[in-house]
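To start, the structure under review is shown below, and the notes come after it.
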Amino acid sequence: MAFQKIKNALGFGAEQKAITLTDPDALSLFGVLPTASGVSVGPGNAMRVPAVACAVGLISETIGALPVKLYERASKAALTDHPAYRLVHDEANEWTSAAELRRDLTLDALLHGAGHAQVIRLVDGTPYELHRLEPGKVQADKKPDGEPFYRVATDAGQVQLPYHDVLRIEAIGGVSPITLGREAIALALSFETHIGGLFANGGRPSGVIKAQKILDVDAKKKLAASWFSTHGGNRSGGTAVLDEGMDYLPLSTTLADAQFAENRLEQIREIARVFRVPPTMLFELSRGTWSNTEEMARQFMQITLKPWLTAWGWSYARCLLTPEERREAYLEAVTDDLLTTDAAARATAYGQYRSMGALTANEVRAGLNLPPKDGGDTLDNPHITTPDNRTKDKAA
């Protein structure tokens, strides 16, 4: 599949603009992207940046950990007997849990732009298993009428799969945040390289050796080499002995003077913006307080996770439910654990809506993903009206 992609890019395949191997755009074919800082960024070295690894792990692992259930639209009851329920809630196949598949496909989308899984069906078309497909082996394509299909490279050759047999989860526009934020990630890598070299030389800039007489070029080179060999790296901090009245004058420039530490913090914030994750979720707490940290946790659910969970719900439904079943049922992630920090405010709001007659008991239960109960469709205020009182009033 990668070979076909290279052929197309070089002008030997589909209707695409041909490029040469000396063109900077050709680097993207091999998983690396040039940047203004001169550092090529790909999924491998991007994950060496702690902020990137934290954001990718936070999103993919949280989505994997949230349970997904199949509900009936009318009753809100979980359809545990449907074949799709097992695939989304319990296990995707004998060696992969449903949570692990969601985590891995979300990880593929974050690093490569899209994650894919093939739907394995029984003879009658019933979905039986979901198998993850390697990102480099899947190519999306469209028929003349616009219907999508997928070309998948296998050991037996390339096969074509219809859209309803491939579960696809993609990042924004099918482009990974690694690609969109490559400049910020490259700058973070440059900072790491710079500070690593700085501490390898004693954790401070070089000093100046002052001599009382003029030295020729060779003497200067020998003096510098001798100094670095005896006082550089892990030998720094030792006692220096200088001949012929020489003095060593260390430079006073520090990391703080160059605002190096603040620049590194700003790169964490830039990476947080790329992944749409609140900075406090990446442990950048310089501007975090008790109140806004709790608010950012709520924003993480609403801004970061909700689009991914919506995409997962539709992708599951498209592949695992027939059009008729989609009209009667839907798939949804249970996010109660993520909203526990706001449980008190949510309970207060539901209570007020219930007492003012804006919601029935069953509508509140539906909001909590609970099935309806008998007699729960009235708008009576439960705090001032009871069934017993209504019975007594009628009798009177």
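Within region 51-82, list the trypsin sites (Lys or Arg not before Pro) lying in a DSSP loop whose Cβ has at most 14 other Cβ atoms in a 10 Å radius.
On the way: sites: Lys69, Arg73, Lys76; in loops: Arg73, Lys76.
Answer by residue number: Arg73.
Highest mean first, how do 51-64, 363-376 rank when packing is the count of other Cβ atoms within 10 Å averaged over residues? Spell out each step's value before the answer.
Numbers: 51-64: 20.5, 363-376: 13.6.
Answer by packing, highest mean first, reads 51-64, 363-376.
What FRET efficiency comes out for Ile172 versus Gln302 if R0 is 22 angstrom and r is the Cβ-Cβ distance? Round to the nearest 0.05.
Values: r = 16 Å, r/R0 = 0.74.
Calculated value: 0.85.
If packing is taken as the average number of other Cβ atoms within 10 Å across a peptide's residues, how do 124-135, 346-357 rank, most packed first? Can you show the working numbers first?
On the way: 124-135: 15.8, 346-357: 13.4.
Per-residue Cβ counts within 10 Å, averaged per peptide and sorted highest first, yield 124-135, 346-357.
Expressed as a fraction of 2.2 N^0.38 Å, the rule-of-thumb size for a compact globular protein of N residues, what is the C-alpha radius of gyration of region 36-122? Before the final figure, lay out each step's value.
Numbers: Rg = 16.9 Å, N = 87, 2.2 N^0.38 = 12.0 Å.
Cα Rg divided by the expected 2.2 N^0.38 Å: 1.40.
How big is the gap, in Å, between the Cα center of region 55-70 and the Cα center of region 149-194?
Using only Cα atoms to place each centre, the spacing works out to 18 Å.
Over 14 Å apart: what share of the alpha carbon pairs of region 302-382 falls there, rounded to a whole percent?
72
For a quick check: with amide H placed at 1.01 Å from N, whose amide H comes under 5 Å from Leu359's, ignoring anything fewer than 5 positions away on the same chain?
Arg354
Run the quick spin-label model on His131 and Leu265: label points 7 Å from Cα toward the beta carbon, then report their separation in nm to one decimal.
5.1
So how do 184-190, 280-286, 162-168 stack up, highest first, on mean other-Cβ count within 10 Å? If you can, show how the numbers build up before the last one.
On the way: 184-190: 23.1, 280-286: 16.3, 162-168: 18.7.
Descending packing order for the listed peptides: 184-190, 162-168, 280-286.
Each value in this text was obtained by applying a stated rule to the coordinates, not by laboratory testing. Just so it is clear, the model here is predicted, and its values are computed rather than measured. Here Cβ is always computed from backbone atoms with ideal geometry, including for glycine, and neighbour counts include all displayed protein chains.
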